[in-house]
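Student: Below you will find the structure I want to go over with you.
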Amino acid sequence: MGLIENPKTYTGRDLETIFFRPMFAGQNAEQLGIRVMYNMPVPTTVQMWSPRADLLKSYSSGWSGGDSALRQQKRIDLKKMKAEVGFSASDYFQQVYELIVGRSDVNLDDLTGSELEQAETEMFRASIAESLRVSMWIGDTTKSSFNLINGFFTLARIYREEVSAPYVDFSEEGVNADNVIDLFQRMWSIAPLELKALKSEGHLAFYVTTDICDAYEQYLDNRGGDSAYVDLVSGRRELTYHGIKIVDTGVSKMLAARGDAVQTHCLLTDSRNLALAVNTADYPGSEVRMWYNPDLMENRQRAIFMAGTEILDEELMVLAGF
């Protein structure tokens, strides 16, 4: 028990390499299904380049050249935030110990400080990653929870309210197995041509809440045939509609707990159009600290960093509302 009472502080390079980078690099970043930018300079500015379509000209002497690509810039505003967790000493030890027992490469007769440190670091890191994941989808600065940043669903709604953006109003019908295909078809039919042109690159996705996934799976189950039977028994590892991924954002429980009037969301866009930026380098005081408070017999954890979300090109999306 004494080993987990040792205070640990991650700052500077350690904060990046030990704590945050494993969450937002490599396979972990790919699992989020969006563009993740870690420790980009603040303010974080994304450069977007698109080639000119009409570049070729008739051959003639002299110079008639220009820019070969069009450039746009989008700034991502980062919010200073912190995460704080406190556990009673006994509960904290049980949670950390459970993580250690679950590993096959640990000698339980010789638990070193590094083993305990890795376990408690992983526990805190997983909590922060999940909170950021939910916030990047349903974050809303006007709500009572997940209110530090505006998430992608909120940003899409704000943009739709400000300008005339492609939108499917599905509030009267609701979504079920009988009309879920109609929802996807209507969204695709009004999608901007620029968005449709990106389909061949394989990054388009419908980002949805769980009820839409359930309705679509029920629709597929009702189609009959051998393949539908196999899927009904074995399940489906991935849902697609006409080659476009259907991604369950996994936020339905949080929307219900927060009491949102709108609890069903569907956003069609390119995954590279959704950006999450996290920074632990350019903010003085960024750190992760874990320590034991003997007065209250409580293990405490704190992380201080910056994060923000942005839809890089609001014209490359279609939103459905309920």
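The values are calculated or read from the model by the stated rules, or taken from the named source; none is laboratory data. Being a predicted model, the structure only gives us computed values, none of them experimental. Note that we place each Cβ from the backbone using ideal geometry, even for glycine, and neighbour counts take in every protein chain shown. Heads up: the accessible areas ignore ligands, DNA and RNA and are worked out on the full protein's heavy atoms, side chains in. Shrake-Rupley method; radii C 1.70, N 1.55, O 1.52, S 1.80 Å.
Student: Give me the orientation-averaged projected area of the Cα convex hull of the stretch 156-225, in nm², one decimal.
Tutor: With the hull built on Cα positions only, its mean projection is 6.1 nm².
Student: Can you give the accessible area of residue 58, probe radius 1.4 Å, in Å² rounded to 10?
Tutor: Solvent-accessible area, nearest 10 Å²: 100 Å².
Student: Starting from the Cα of residue 295, step 7 Å along the direction of its Cβ; do the same at residue 57; then give the gap between the two resulting points in nm.
Tutor: The modelled label-to-label distance comes out at 7.5 nm.
Student: Now for a different question. Near residue 144, within a Cβ-to-Cβ distance under 12 Å, what is the net charge of the other residues, with Lys and Arg +1 and Asp and Glu -1?
Tutor: Every neighbour counted, the sum reads 0.
Student: Right, another one. Computed over the Cα atoms, what is the radius of gyration of the stretch 256-322 divided by 2.2 N^0.38 Å, N being its residue count?
Tutor: 1.76
Student: While we're looking at this one, here's another question. Using the Karplus curve 6.51 cos²θ - 1.76 cosθ + 1.60 with θ = phi - 60°, what ³J(HN,Hα) values do you get for each residue of the stretch 195-210, in whole Hz, with x for Gly and Pro?
Tutor: Listing the rounded values in order: 6, 4, 5, 7, 4, 5, 7, x, 10, 6, 7, 8, 9, 10, 8, 4 Hz.
Student: Mind pulling the per residue volume of the convex hull built on the Cα atoms of the stretch 122-261? Å³ is fine.
Tutor: Given the Cα convex hull of the stretch 122-261, per-residue volume reads 159 Å³.
Student: How many percent of the accessible area of the stretch 272-316 is carbon or sulfur, using a 1.4 Å probe?
Tutor: The nonpolar share, carbon plus sulfur, comes to 46 percent.
Student: Over all distinct alpha-carbon pairs, what is the Kirkwood Rh of the stretch 191-322 in angstrom?
Tutor: Here the Kirkwood hydrodynamic radius works out to 18.5 Å.
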